[in-house]
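The values are calculated or read from the model by the stated rules, or taken from the named source; none is laboratory data. This is a predicted model, so every value here is computed, not measured. Ideal geometry is used to build each Cβ from the backbone, glycine not excepted, and the neighbour counts take in all protein chains shown.
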């Protein structure tokens, strides 16, 4: 693996990953009725109607952030999570390649 040598891209990735996007409370079907009936969003499926908040506290639709662009959405539980930190490091290592391929990175976290 190679690390990005462009500090601007690294900073951009860190800023994107630190976006404290949180879902607005809405009345929807639960994610899963039980631990055995989980149905994650699979490749090719549409993102549900979800409202999130950006760094400025503005409420926006997640679909608006996606803007029809190929996107990598990752969930960051917080700085305390070693798995999240490892994932962010791995994304940073391939960030340049992802951006060259036209992908955008969107981080969602409850952590401010």
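Structure summary
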quantity: Cross-chain or 6+ apart pairs with Cβ under 8 Å, segment 39-54 first and in contact (Cβ under 8 Å) with a residue 40 or more places away in the chain, then assigned to a loop (DSSP other than H, G, I, E, B) and surrounded by 11 or more Cβ atoms within 10 Å (Cβ to Cβ); calculated: 52/21; 52/22; 52/23
quantity: Single unsatisfied condition, residue 28 versus (1) surrounded by 10 or more Cβ atoms within 10 Å (Cβ to Cβ); (2) at pLDDT 70 or above; calculated: (2)
quantity: Residues located in segment 91-112, provided they are in contact (Cβ under 8 Å) with a residue 60 or more places away in the chain, over 23 Å from residue 57 (Cβ atoms) and surrounded by fewer than 15 Cβ atoms within 10 Å (Cβ to Cβ); calculated: 93
